[in-house]
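Novice: What follows is a structure written as structure tokens; I'll ask about it next.
The values are calculated or read from the model by the stated rules, or taken from the named source; none is laboratory data. All values reported here derive from a predicted model rather than from experimental measurement. Neighbour counts run over all protein chains shown; Cβ positions are idealised from the backbone, glycine included. SASA here: full protein model, heavy atoms, side chains in, ligands and nucleic acids out. Shrake-Rupley method; radii C 1.70, N 1.55, O 1.52, S 1.80 Å.
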There are 4 protein chains.
Amino acid sequence: MQFTSDNAAAVHPAVWKAMMAADAPDAPYDNDALSQRLDATFSALFGRECAVLWVASGTAANCLALAAMVPPHGAVVCHREAHIEMDEAGAPGFFLHGAKLLLADGASAKVTPETLAAVIDPIRDDVHQVQPHAISITQASEYGCVYRPEEVAAIAAFAQARGLGLHMDGARFGNATAYLGCSPAEAAGAVDALSFGFVKNGGMGAEAIVFFDVEAARTIRYRRKRAGHLQSKGRFMAAQILAMLEGGLWLGNARAANAAAAEIAAAVPGRLLHPVEANEIFLTCTAAEREALRAQGFAFYNWGADAARLVTSWDAKDAHVSALARALAGL
Amino acid sequence: MQFTSDNAAAVHPAVWKAMMAADAPDAPYDNDALSQRLDATFSALFGRECAVLWVASGTAANCLALAAMVPPHGAVVCHREAHIEMDEAGAPGFFLHGAKLLLADGASAKVTPETLAAVIDPIRDDVHQVQPHAISITQASEYGCVYRPEEVAAIAAFAQARGLGLHMDGARFGNATAYLGCSPAEAAGAVDALSFGFVKNGGMGAEAIVFFDVEAARTIRYRRKRAGHLQSKGRFMAAQILAMLEGGLWLGNARAANAAAAEIAAAVPGRLLHPVEANEIFLTCTAAEREALRAQGFAFYNWGADAARLVTSWDAKDAHVSALARALAGL
Amino acid sequence: MQFTSDNAAAVHPAVWKAMMAADAPDAPYDNDALSQRLDATFSALFGRECAVLWVASGTAANCLALAAMVPPHGAVVCHREAHIEMDEAGAPGFFLHGAKLLLADGASAKVTPETLAAVIDPIRDDVHQVQPHAISITQASEYGCVYRPEEVAAIAAFAQARGLGLHMDGARFGNATAYLGCSPAEAAGAVDALSFGFVKNGGMGAEAIVFFDVEAARTIRYRRKRAGHLQSKGRFMAAQILAMLEGGLWLGNARAANAAAAEIAAAVPGRLLHPVEANEIFLTCTAAEREALRAQGFAFYNWGADAARLVTSWDAKDAHVSALARALAGL
Amino acid sequence: MQFTSDNAAAVHPAVWKAMMAADAPDAPYDNDALSQRLDATFSALFGRECAVLWVASGTAANCLALAAMVPPHGAVVCHREAHIEMDEAGAPGFFLHGAKLLLADGASAKVTPETLAAVIDPIRDDVHQVQPHAISITQASEYGCVYRPEEVAAIAAFAQARGLGLHMDGARFGNATAYLGCSPAEAAGAVDALSFGFVKNGGMGAEAIVFFDVEAARTIRYRRKRAGHLQSKGRFMAAQILAMLEGGLWLGNARAANAAAAEIAAAVPGRLLHPVEANEIFLTCTAAEREALRAQGFAFYNWGADAARLVTSWDAKDAHVSALARALAGL
């Protein structure tokens, strides 16, 4: 029973179907009919004009989005536990040619204008110190917590006041939007670019970089190719994304994963290290308890010495989820 | 009738089947069972130990392979019409952190020890000039021509004598091997790393970087992640590659594409700009003639003012091929 | 008798004097009074507003100037024998984060709108090919030849028509201006940035990057620091430059070097490989002849198998120059 | 009365003299006789073989030294207040092509094996996290504190145990050595490379990178040129360094600066924020007190809201130093 990662989840049948339907001759790279539909589809979804590029990984999405905002001599401010800082192998340093990440604090891996200011305010405005050019926030955060629209708005206002770009890492943007029960436009707020994740939510290998600054996307098309991310049979990537958007599949899948997490969380409220708002549960769990759970067939990651991380997926089986909830309650 | 690009070709049914079979929970990234099988599978295929990484594009494969050989202050020598020079948007400069490409001549986009020496010999051995660290050759070349084993051997001997690494861009390695009728080990010769292409030959979005210098692959695993190319559902990439190797599918597909090209070439021997040895035909063709062909439903690229490029695929339809051969003969 | 390089020449006494005068406490980096005078001094010299940064080498000057015009995914078009291509160890690739140099032809290492167009016109306007963002020309050229104002104007018009920046490598800008007998503004024409060289012309270790696009200099101040080129005792660099400009010392020194070269050239008109317009002489000279010259005490570089490069300096001794002219005539 | 920065200090007369003596024709770059003497001179000074490169700034020295140890996908561990982190404009990110700095704690800006381990131990040994490749320590530290030989030895042992390179930023290595009263070899310990600073200690614009890993220097000679730091009249840089070493001038100058700092520190023991071991004094000082000092003619930097930084130089005037000591005591 798999609670290790939503990356381990299956590809949704509708995605398979769309990919197979795309298996007809069409122009290579992103000149195919499906890729050409992305801009309009996302513009309709968000209710404002955007330009959209597919890439195969969240790391590529995040870094190419940030490349539109940050020069090599600049910096990005993000939470000190953000994925771009902790788990992308220094990819921002590669894509941004040595730009720095400046690390802010905040509960549950969410930053606030105050924690951002605490990083930015001490920076002298001279050439000896690296100047920030963008902020990157994660929706939902590394601890599965969701920025409320007013929280995003406050950060966006802060970014604008400081002349900084704003990027949202939305590897689990579906889960965040599902939790908020609002429109995707409200969940994204006034960000300049969004890494809209699909792989963890039923896709196979396609994420969307949504540029609300349409002009910025022009340059990033060159950068994407230059990074080896312009796949020649791009129609299969566009097909995945369009299938995920079709009929709100992305939201439905996210709701299913969130519901599974909520059921598990409800069984052990006293153990929760963070509010469970998306599809991740971080809870206290001793080594002995973890062993006991694994003995019952549950797979998951340790989280330090006395905790565990459980991740639910769109395809979580009810029986597995209930079994895990019971097992946890019975510890 | 599509003769524009082998990137426009379909995904082979066996590849689809393997991908769908991979749609069961497994470890993310390249920790899944399929990805873990790659090293042994390729080692058996080539009859010597190798370490293999999947990536989604030939550009990523070429550049990550070269990153194992060339420091930022070094250079790669390649043909002046090589894909890495002409059509990868400067990706080598990105992945190699500003290393240079030094451009050699040679008929049909194939280099020789002589043309390589003509580039390398004048370089002063001082810190003011960029020093070569590797050679990159393309099998089959940009003009669809194939290095004979003895030609690769001569280049490999030259590389070794000069202390240079040797990389082979094998975007159409299958076509080259099929043409030569030899083993893949013979077609690759003593290269240090091979970009083994599958996308143009029936795959969807997975190429293999084959490191015969096994130790070099260790570093490149970090570089792959750092470039956003370590896909989280990597099992689907490994599945494609294993399916292509299974039962020699890659060779069968390549033979089909080559045969189609040969049929077309045979119809217009006087027009050929280069020997047709793989699945590409470059021929003289006036603007009027191209118009006439397109009017009959044939799609292809112009190649300068008075020539055309025709590319055949593994799934080329016999009727289309014969029709094109007739149409060309009738011009 | 030294004709190897103008880098071997002495530092002018007026430069020494200015440096010693600068040896009083002042603010570090470029906050000292001398550095703060550069913008106004050069603006007066060129009759239009400019922003000026000192750096210690022509390589740094060229690359930081280009960094203001060319993004990492772009390219610079220059002559294939330009210093940035041949003798700067790949520095443009480093400072421009992997941007390419595209190589144009032209007699005596001078490009023309036609030779530039021959490089640029074939580039497809798509993301697969690296797009040019700037042109770099060398005044005087690597072969000591000088662009006439109308030649620079034609190139500047071409650059503007193509939307490209224009940089001038003026390592020997003094020699070029002296030859032309025009104002520095006329010798530079409508370039966006000029690397104004002083080291070869009587300075010690300070060159000026003159940005006629004043805003561009703002970013490059960060880039300079980031490249380790913001020296902490910058007052000594500014002092050198101001001393060179004071009373037209730079022009006087250049005239002296040019005159020496002209005297030598006049002795062997039939041997000259390029017009002698600045302080470099390239002439046919067999190995035996070179040996004979060296036996007489003349030091210089070979230039390939049957030629030699002779460089004169601001401090060339009349007797040495005359002796060399006689020796050459007597070969 | 200048206590702002040792960068504001004068150039020592012996350095001037050596520079002027170098003003005779010699080979350009580092092929001159003086530059060629550096390796042997430093090898004798340290009692072990080393290879030495001059550069114009501490930033360039630090980054080129680290470039010998850290690949683009790696990291350097340093104190969170280290100069390379705080005041070099992101230069390590530039020279190391995006490698990260990982930040350790420690009193008075000195790290220990324990604080280093606290950073390194949590790093997972997988491709998702950036792996450390080197440690950089500062002798004396940013707060003017000196590593004892046994402290360096402990860090070197830690580095060796973890397979990490060890770099020492010795911008004030002279002051540290003078304080310790030991040999330079003991003050440097078993580091792999040392940035040996002279500019703050009586030089003009030359620092030495001392590679105890002699082979590593070979590559860095290319990197130096590529960074625009191979000055063409390098003889003037070598001259400065040799003059500073001649007769122990570097130690004498450092002792003078240290003595001045000690005199000032002795006047206000209760205000000191850090032990005064080199030539920097950090002390509590309210805004009103700072104003009072400035009214008496003392120039220095604020250090946050309620502190000040005072820096003494080799050429500090006794009267100024005593006056400052009195003024501080009288606050």
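Novice: Run down the aspartates and glutamates and flag those whose C-alpha is under 12 Å from the C-alpha of D:Lys225, throwing out any fewer than 8 positions away in its chain.
Specialist: B:Asp126, C:Asp87, C:Glu88, D:Asp30
Novice: I've got another one for you. Out of residues 5 or more away from A:Ala134 or on other chains, whose amide H comes under 5 Å of its own, with H placed 1.01 Å from N in the peptide plane?
Specialist: When sequence neighbours closer than 5 places are left aside, the close amide H contacts are A:Ala75, A:Val77, A:Gly165.
Novice: The range A:39-104 to the range D:136-190: how many Å between their Cα centroids?
Specialist: Between the Cα centre of the range A:39-104 and that of the range D:136-190, the gap is 38 Å.
Novice: Shape call for chain D from the C-alpha gyration tensor, a ≥ b ≥ c root eigenvalues: rounded (a/c under 1.5), prolate (a/b greater than b/c) or oblate?
Specialist: oblate
Novice: Each residue of the range D:100-116 in order: what ³J(HN,Hα) in whole Hz does its phi give by Karplus 6.51 cos²θ - 1.76 cosθ + 1.60, θ = phi - 60°, with x for Gly and Pro?
Specialist: Taking θ as phi minus 60°, the curve returns 9, 9, 9, 10, 9, 9, x, 4, 6, 6, 10, 8, 9, x, 5, 6, 5 Hz for the range D:100-116.
Novice: For the range A:248-265, what does the Karplus curve 6.51 cos²θ - 1.76 cosθ + 1.60, with θ = phi - 60°, yield as ³J(HN,Hα) per residue in whole Hz, taken in order and with x for Gly and Pro?
Specialist: Listing the rounded values in order: x, 3, 4, 6, x, 4, 5, 4, 4, 5, 4, 5, 4, 5, 5, 4, 5, 4 Hz.
Novice: Rounded to the nearest 10 Å², what accessible area does B:Trp250 have for a 1.4 Å probe in the complete protein model?
Specialist: Looks like 10 Å² after rounding.
Novice: Considering the rotation that carries chain A onto chain B, locate the chain A residue whose Cβ comes closest to its axis and report the distance in whole Å.
Specialist: That would be A:Ala56, 3, residue then distance in Å.
Novice: Still on this model: Let me cross-check D:Ser43: its accessible surface, 1.4 Å probe, with only protein heavy atoms counted, in Å² to the nearest 10?
Specialist: Roll a 1.4 Å probe over it and D:Ser43 shows about 30 Å².
Novice: Roughly how crowded by other chains is peptide B:93-105, in terms of the mean Cβ count from those chains within 10 Å of each of its Cβ atoms?
Specialist: 6
Novice: Hey, another quick one. For the protein assembly as shown, with only Lys/Arg (+1) and Asp/Glu (-1) charged at the beta-carbon, what is the dipole magnitude about the Cα centre, in debye rounded to 20?
Specialist: 0
Novice: Students often get this wrong, so check it: of B:Lys17/B:Lys317; C:Lys17/C:Lys233; A:Lys200/D:Lys100; D:Lys200/D:Lys317, which have C-alpha atoms separated by over 18 Å?
Specialist: B:Lys17/B:Lys317; A:Lys200/D:Lys100
Novice: Measuring from a point 7 Å past the Cα of B:Ala307 along Cα-to-C-beta, which residues in the range C:117-133 have an amide N at less than 17 Å?
Specialist: Taking a point 7 Å out along Cα→Cβ of B:Ala307, the residues of the range C:117-133 whose backbone N falls under 17 Å are C:122-124.
Novice: If you count only protein heavy atoms and use a 1.4 Å probe, how large is the accessible surface of B:Glu207, to the nearest 10 Å²?
Specialist: In the full protein context, B:Glu207 sits at about 10 Å².
Novice: Separate question: Would you mind getting the accessible area per residue of the range D:21-170, heavy atoms of the protein chains only, 1.4 Å probe, in Å²?
Specialist: Here the residues of the range D:21-170 average 31 Å² of exposed surface.
Novice: Determine the shape class of the range D:1-77: with a ≥ b ≥ c the square roots of the Cα gyration tensor eigenvalues, call it rounded for a/c under 1.5, and otherwise prolate if a/b is greater than b/c, oblate otherwise. List each step's numbers first, then the result.
Specialist: Working: a/c = 1.97, a/b = 1.20, b/c = 1.64.
Taking the square roots of the gyration eigenvalues as a ≥ b ≥ c, the range D:1-77 is oblate.
Novice: If the label for C:Gly181 sits 7 angstrom from Cα along the Cα-to-Cβ line, what are its distances to the same label in every other copy, in nm to one decimal, shortest first?
Specialist: With the label placed 7 Å along Cα→Cβ, C:Gly181 yields 7.3, 7.6, 8.7 nm.
Novice: Can you tell me the FRET efficiency between C:Arg124 and B:Ala14 if r is taken as the Cβ-Cβ distance and R0 is 45 Å, rounded to the nearest 0.05?
Specialist: 0.80
Novice: Cα gyration tensor of the protein assembly as shown, axes a ≥ b ≥ c as square roots of the eigenvalues: rounded (a/c below 1.5), prolate (a/b > b/c) or oblate?
Specialist: oblate
Novice: In whole Hz, what ³J(HN,Hα) sequence does the range C:134-147 give by Karplus (6.51, -1.76, 1.60; θ = phi - 60°), x for Gly and Pro?
Specialist: So the Karplus estimates, Gly and Pro as x, are 7, 10, 10, 10, 10, 10, 6, 6, 4, 9, x, 10, 10, 6 Hz.
Novice: Nearest 100 Å², what total accessible surface is buried between chain A and chain D (probe 1.4 Å)?
Specialist: 1200
Novice: In addition: How many nanometers, to one decimal and shortest first, lie between the label point of D:Ala307 and those of its other copies, if labels sit 7 Å from Cα toward Cβ?
Specialist: Listed shortest first, these distances are 3.1, 6.3, 7.0 nm.
Novice: A follow-up question, please. If you take each beta carbon of peptide B:130-140 and count the beta carbons of other chains within 10 angstrom, what is the mean? Each step should come with its number before you reach the end.
Specialist: Numbers: counts 11, 3, 0, 0, 0, 0, 0, 0, 0, 0, 0.
Average per residue, whole number: 1.
Novice: When the accessible area of the range D:127-230 is computed with all protein chains present and a 1.4 Å probe, what percentage of it is carbon and sulfur?
Specialist: On the way: 1290 of 2670 Å².
The nonpolar share, carbon plus sulfur, comes to 48 percent.
Novice: May I ask you to list the trypsin sites (Lys or Arg not before Pro) in the range B:1-68 that are in a DSSP loop and have at most 16 other Cβ atoms within 10 Å of their Cβ?
Specialist: On the way: sites: B:Lys17, B:Arg37, B:Arg48; in loops: B:Arg37, B:Arg48.
Sites meeting the loop and neighbour criteria: B:Arg37, B:Arg48.
Novice: Note the distances from D:Ile123 to each other copy's matching label point, with points 7 Å along the Cα-to-beta-carbon direction, in nm, sorted shortest first.
Specialist: Label-point distances to the other copies, shortest first: 2.4, 3.1, 3.8 nm.
Novice: Given H placed 1.01 Å from N in the peptide plane, which residues other than close sequence neighbours of A:Ala104 have an amide H under 5 Å from its amide H?
Specialist: Here A:Cys78, A:His79, A:Arg80 satisfy the definition.
Novice: While we're looking at this one, here's another question. What is the mean number of Cβ atoms from other protein chains located within 10 Å of the Cβ atom of each residue in peptide C:218-225, rounded to a whole number? The partial results should precede the final answer.
Specialist: Details: counts 1, 3, 2, 4, 12, 7, 4, 14.
Neighbouring Cβ atoms belonging to other protein chains average 6 per residue here.
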